[in-house]
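Take a look at the structure below.
The values are calculated or read from the model by the stated rules, or taken from the named source; none is laboratory data. Just so it is clear, the structure is predicted and the values come from calculations on it, not from any experiment. We place every Cβ from the backbone using ideal geometry, glycine too, and count neighbours over all the protein chains shown. These area figures cover heavy atoms from the full protein model, side chains too; ligands, DNA and RNA do not enter into them. Shrake-Rupley method; radii C 1.70, N 1.55, O 1.52, S 1.80 Å.
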Amino acid sequence: MNPLKAKKPTKHGEVQEYFKHVVLPYEGKDCLFWPYSRSAKGYGRILVSRKNRVVSRLVCEDNYGPPPTPKHESAHSCGNGHLGCVTKGHLSWKTQK
């Protein structure tokens, strides 16, 4: 397979359905890796209301509510956020400190 060949385009709503029906209910202990668009640093991205959002942050918001302060970020206990991990059990709100 040619690595420069573009991936098959996703169907309308496919990414959002995966987020809703696979990512949010996932209760596994292993990393669940985001199979769609990623940032330059490897974090999963999803389009929400015409804005690119980080998937792990949305998962953290869904599980723990909004971040406690503007300085809080979704942090991965597994260390695999840069590989696209979106497992809710690996996420929590943390600051850079």
> Could you list, in sequence order, the residues of the stretch 42-97 that are closer than 16 Å to Gly28 by Cβ, without any contact (Cβ under 8 Å) to a residue 24 or more places away in the chain and open to solvent by 40 Å² or more (accessible area, probe 1.4 Å)?
Replying inline: Ser77
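Do any strands (runs of 3 or more DSSP E) lying entirely in the stretch 47-97 carry at least 1 residues that are hydroxyl-bearing (Ser, Thr, Tyr), and which ones are they? So that I can check it myself, show each step before the final result.
Numbers: elements: 51-54, 73-76, 91-94.
Correct list: 73-76, 91-94.
Out of curiosity, is Gly42 in a loop (DSSP other than H, G, I, E, B), modelled with pLDDT of 95 or more and farther than 17 Å from Gln16 by Cα?
Yes: the conditions hold for Gly42.
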> Would you pick out the residues in the stretch 47-62 that are modelled with pLDDT of 95 or more and farther than 13 Å from Leu91 by Cβ?
Replying inline: Arg53
